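To start, the structure itself, in structure tokens.
The values are calculated or read from the model by the stated rules, or taken from the named source; none is laboratory data. Note that the coordinates shown come from a computational prediction; the quantities given were computed from them, not determined experimentally. Here Cβ is always computed from backbone atoms with ideal geometry, including for glycine, and neighbour counts include all displayed protein chains.
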Amino acid sequence: KVNLNHLKKICLIMLLNRAMEDLEKEKQDREEEKNRYLKEKHPPLQLSGLSLGELQNLCKQLYAKIDVVDEERFDYEDKVNKHNKDINELKLKVQDLGGKFKKPALRKVRVSADEMMRALLGSKHKGSMDLRANLKSVKKEDIKQEKVLTSEVGDWRKNVEAMSGMEGRKKMFDAAGGGQ
């Protein structure tokens, strides 16, 4: 008799061992590729026996190489960011085309101004929003007084002529109570 569960476990263990071996081989291959690339691009430095001028020239060359590498790195980072942005935009377009998101039907809700302010401002809202209470009340007596004042003025041209010159200024001064 062969135990089926036992065989499954043995197969699973063999698969996991094989995957671990493949991962180790992949890591080694990457490390070898990295070392080969570095040896090709940057040979080891020979600093012994160089004069001060030669060392300065070598430093200038290294700085120039660093600048080139930094420019390439920034360019690659920019390309990667641009591609990531494009990927996100395309994902959104796919979601829109797939029609996964439906707008729910909104219900009409009656909310008073006080409730709306409490919802927006929270506990900061203290006063009431009774708009009619804030309106200026107008009394009938005030309206009558305004009509009397406007009727007293009369024709503005006569008023200007009367007040022009020294006599008009004297009348204004006397009317203000200055000549007692």
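For first residues located in the range 96-119 and of a type in the set (S, T, N, Q), partners that are modelled with pLDDT under 75 and lie 6+ apart or on another chain with Cβ distances below 8 Å form the pairs Ser112/Met129.
One residue stands out in the range 39-59 among those that are surrounded by 10 or more Cβ atoms within 10 Å (Cβ to Cβ) and either part of a helix (DSSP H, G or I) or out of contact with any Leu (no Cβ under 8 Å at 6 or more places or on another chain) (or both): the one that is modelled with the lowest pLDDT, namely His42.
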